Every structure is written in C-alpha cells, then in structure tokens.
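The values are calculated or read from the model by the stated rules, or taken from the named source; none is laboratory data. The model shown is predicted, which means the values in this text are computed figures rather than measured ones. Here the Cβ is made from the backbone with ideal geometry for all residues, glycine too, and neighbour counts use every protein chain on show. To get the accessible areas, we keep the full protein, side chains included, count just its heavy atoms, and leave off ligands, DNA and RNA. Shrake-Rupley method; radii C 1.70, N 1.55, O 1.52, S 1.80 Å.
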Amino acid sequence: QVQLAESGGGLVQAGGSLRLSCAASGRTLSSYGMAWFRQAPGKEREFVAAIRRSADYTYYSDSVKGRFTISRANAKNTVDLQMNSLKPEDTAVYYCAAKMYGLPTIKDSVDNYDSWGQGTQVTVSS
C-alpha cells in the first residue's frame, strides 16, 4: 500500500482552471497505475482519468475528455490533473488512487484500486 495525498483544490469560476497534484510517501508512483476519481454529495464515486505506469496511454471519462489532462511528474513523484474549462458540474471531492497490479483502464471501478488519498475539494461557481 502506498500513502497518497492530494492538493490543489479550491474555488474557481466556471471556465477557469485548476491543477491537482497527487503526491506519494514511501513509494514510487511510477510503479503504480494511477487514476483520479471524483465524488459529489449524494452521488457515487466516478472515474475521471487514468494513466499507465509508463505514461504511454491515458484514459478519460466522456464528461472530462478534452478538458482534463492527467500526467506524471516522476522527478517529483507526483501524478497531476490539469483541469481546464471547468463547469459547475465538475464540483466534487477529487481523489487520487493507485493500482498495484494490472493496467489501468476506463473500465476500472473504485474496487480495482488499492490505495486512496483523502481527497481535495473542487468547487466551480456559475
């Protein structure tokens, strides 16, 4: 298990941008498939984006594709999520997740990930 911590959340106006970062302690994130999920009040936690260990492939939900970008910064041992053109419906707690075995895919659910951060709040005002 790897310990994860998200940062970068906050309040932003619709159309604005935020960059989230997921940092690890004690382990190297390049050894894990990584993903971002989000959860709004009263809703299920949903998949947002994922990236392979090699970073040669990325995956996005239809709702964020073209607006969000997931990337690795191995020198800093982080996985980041650049969020552009934010919409009020993007408001949620965003979670970083690590997958110990297997390739991350768009079909993965929360049950396919082994470690989770505490989440960071993203609020988009209209």
Between Gln3 and Thr105, what FRET efficiency comes out of the Förster formula 1/(1 + (r/R0)^6) with R0 = 25 Å and r the beta carbon distance, rounded to 0.05? 0.55
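Starting from the range 8-45, pick out the trypsin sites (Lys or Arg not before Pro) whose DSSP state is loop and whose Cβ has at most 14 other Cβ atoms within 10 Å.
Here the sparse-neighbourhood loop sites are Lys43.
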Magnitude of the Cβ-charge dipole (Lys and Arg +1, Asp and Glu -1) of the chain about the Cα centre, nearest 20 debye, reported as 260 debye
How large is ³J(HN,Hα) for each residue in the range 99-110, as worked out from phi by the Karplus curve 6.51 cos²θ - 1.76 cosθ + 1.60 (θ = phi - 60°), to whole Hz, x for Gly and Pro? 10, 6, 10, x, 7, x, 9, 5, 7, 5, 10, 4
Which number do you get for Rg(Cα) / (2.2 N^0.38 Å) in the chain? 0.96
Pairs of Lys in the chain closer than 23 Å at Cα, counting only those 8 or more apart or on different chains: 9
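Quick one: net charge of Ala98's neighbours, Cβ under 10 Å, K/R +1, D/E -1?
+1
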Relative contact order [Cα under 8 Å, 6+ residues apart], the range 45-126, whole percent: 30 percent
Identify the GluC sites (Glu not before Pro) of the range 22-113 meeting these criteria: DSSP loop state and at most 10 other C-beta atoms within 10 Å of the C-beta. Glu44
Estimated distance in nm for a label pair at Glu89 and Gln39, the labels positioned 7 Å out from Cα along Cα-to-Cβ: 2.1 nm
Please report the carbon-and-sulfur percent of the accessible area for the chain; probe 1.4 Å, protein heavy atoms only, DNA, RNA and ligands left out. 47 percent
Å² of accessible area per residue within the chain, as computed with a 1.4 Å probe and no ligands counted: 51 Å²
Loop sites in the range 54-84: chymotrypsin sites (Phe, Trp or Tyr not before Pro), DSSP, at most 15 other Cβ within 10 Å: Tyr57
